[in-house]
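The values are calculated or read from the model by the stated rules, or taken from the named source; none is laboratory data. Computed from a predicted structure; not experimentally measured. With ideal geometry, Cβ positions are generated from the backbone for all residues, glycine too; neighbour counts draw on all protein chains shown. Ligands, DNA and RNA are excluded from the accessible area calculation, which covers all protein heavy atoms including side chains. Shrake-Rupley method; radii C 1.70, N 1.55, O 1.52, S 1.80 Å.
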Amino acid sequence: MTRRALYFTGPRSVEVRTSSIPDPGAGEVRVQTGRSSVSPGTEMLVYRDEVPPELSVDETIDAFEDTFSYPLQYGYASVGRVTAVGEGVDDEWLDRRVFAFNPHESHFVADPGTLVPTTLSDERALLIPNAETAVNFVMDARPRIGARVVVFGQGPVGLLTTALLSEFPLSELVAVDRYETRRQLSESLGADRAVSPDAVDGAIESDADVAFELSGNPTALDDAIDVTGYAGTVIVGSWYGTKDVALDLGGAYHRSHIRIRSSQVSRIDPDHADRWDKDRRLGFVRSWLAEHDLSALFTHEFDVDRAAEAYRLLEKRQDEAVQIVFTYE
C-alpha cells in the first residue's frame with residue numbers, strides 16, 4: 001500500500017503523488033483518511049493562482065507550515081481513523097474516528113492534540129470547518145431581534161450561515177446567489193426568499209440592518225453596501241485573494257455610518273474573548289451539526305485520483321456543484 005496526496009502544482013493544475021505510508025513518531029498517531037471535503041472558496045483561489053504566493057497558508061493549523069507557492073498541499077477537512085500510535089501515545093487512540101484540519105491525503109501523521117474525536121457521520125463532520133466559519137460570521141454580526149439580513153453568496157459557507165441565521169428571530173432573511181439550485185437550497189434551509197444578484201433591489205422590504213458578503217466576488221461587496229441601511233453592518237467573509245476590489249464610496253456611503261467588518265475564523269475576535277475561545281466555539285459547532293440534516297449540500301463525490309475532474313467541475317459548472325467530497329478507498 002502507498003500513500004496518496006493531492007498537490008496543487010500550478011495554475012489549474014493538480015496531481016496526486018504517491019509515497020510510502022508514514023509511521024508515527026514519538027507523540028504522534030497515524031490517520032487513514034476515509035473522506036475529505038473541498039473548500040470551493042479558498043481552494044479555487046489556490047487552483048486559479050489567485051493567492052499571493054509569499055503568504056503563509058495558516059500559522060494556526062499545525063498541518064500547514066509553508067506558503068501558497070506551488071507545489072503545495074491544501075485542504076482542511078478530513079475524516080478518518082487512527083491506525084497506529086507512536087511512542088508515548090495511549091493505545092486508546094487506536095481505531096478512533098477523528099476529524100482533522102488536514103490537506104487531502106490518504107494517510108498522515110499528527111499530534112493527537114490537533115485531532116477532534118467524533119461520533120458525527122462523515123458528512124456532518126466534514127462540515128465542521130465551514131460551520132465554524134459560519135458561526136464566526138454570525139457572532140461578529142450580532143443580529144438583533146427583528147433584524148433585516150441579506151446574505152450574498154450561497155456556497156457551502158453561505159448556506160450554513162443562512163441556516164444558522166434562520167434560527168434567529170429576524171424579521172427578514174434574504175439570500176442572494178446567481179444559481180437557481182443554490183437559491184433553492186437557501187430556501188430549504190430557512191431563507192425567507194432567495195434571489196439572483198440582479199433582483200436584490202426589489203427583494204427586501206427596507207434597508208438591511210446586516211449584510212454578509214460571502215460570495216468571493218468583489219463586485220458583490222458594492223451590492224452589500226448598497227442594500228445596507230444607515231448605521232448598518234456589512235460582514236465581509238469573502239477572501240478575494242489577488243482579485244482587485246473596486247468600491248463606489250462617493251455617494252451616499254460617506255454619510256451612511258455603515259460599518260464594514262472583516263470576519264475570519266482562524267482567531268476569535270477580541271470582542272468575544274471575555275467569554276469565548278476556539279474550544280467553546282468548536283463545541284457549539286459539533287452540537288449544532290449533530291442536530292441538523294445538511295446532506296443536501298453534498299452534490300458530488302470523487303476518488304481523489306479524479307481530483308482534476310472535480311476542480312474543473314467547480315470552475316465550470318457551479319450551478320451543479322456545491323460541496324464536493326474526495327474518497328480514498
Quickly run through region 252-290 and pick out the residues that are in contact (Cβ under 8 Å) with a residue 12 or more places away in the chain, within 20 Å of Ala134 (Cβ to Cβ) and of a type in the set (A, V, I, L, M). Ile260, Val265, Ile268, Leu282, Val285, Leu289, Ala290
Looking only at residues that are among the charged types (D, E, K, R) and assigned to a strand (DSSP E or B) in region 186-221, which one is farthest from Arg148 (Cα to Cα)? Glu213
Which of the residues that make up region 299-309 are open to solvent by less than 80 Å² (accessible area, probe 1.4 Å) and over 17 Å from the mean Cα position of the chain (by Cα)? Phe302, Asp303, Val304, Ala307, Ala308, Glu309
When (1) of a type in the set (Ser, Thr, Tyr); (2) surrounded by 14 or more Cβ atoms within 10 Å (Cβ to Cβ); (3) over 19 Å from the mean Cα position of the chain (by Cα) are applied to Thr42, the one that fails is (3)
Considering only residues that are part of a strand (DSSP E or B) and either out of contact with any strand residue (DSSP E or B) (no Cβ under 6 Å at 6 or more places or on another chain) or in contact (Cβ under 8 Å) with a residue 60 or more places away in the chain (or both), look in region 81-95 and name the one that is farthest from Thr33 (Cα to Cα). Val85
Within region 222-251, take every residue that is among the acidic types (Asp, Glu) and part of a loop (DSSP other than H, G, I, E, B) and give me the one that is modelled with the highest pLDDT. Asp244
Odd one out for Arg35 among (1) open to solvent by 40 Å² or more (accessible area, probe 1.4 Å); (2) touching a Pro at 6+ places or on another chain (Cβ under 7 Å): (2)
Return a yes/no flag: does region 167-176 have any residue that is open to solvent by 10 Å² or more (accessible area, probe 1.4 Å), touching a Leu at 6+ places or on another chain (Cβ under 9 Å), touching a residue at least 12 places away in the same chain (Cβ under 8 Å) and within 21 Å of Leu127 (Cα to Cα). no
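Could you pull out the residue among Thr33, Thr2, Thr83, Thr18 that is farther than 30 Å from Gly241 by Cα, touching a Ser or Thr at 6+ places or on another chain (Cβ under 6 Å) and of a type in the set (Val, Ile, Thr)?
The match here is Thr2.
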Hey, can you tell me all the residues within region 207-245 that are open to solvent by 50 Å² or more (accessible area, probe 1.4 Å) and more than 21 Å from Met44 (Cβ to Cβ)? Asp207, Asp209, Asp226, Tyr230
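Quick one: count up the residues across region 144-157 that are in a loop (DSSP other than H, G, I, E, B), over 11 Å from the mean Cα position of the chain (by Cα) and crowded, with 21+ Cβ neighbours inside 10 Å. First the steps, then the outcome.
First pass over region 144-157, keeping only residues in a loop (DSSP other than H, G, I, E, B): 144-147, 153-155.
From what's left, over 11 Å from the mean Cα position of the chain (by Cα): 144-147, 153-154.
Restricting the remaining residues to those that are crowded, with 21+ Cβ neighbours inside 10 Å gives 153-154.
Selection size over region 144-157: 2.
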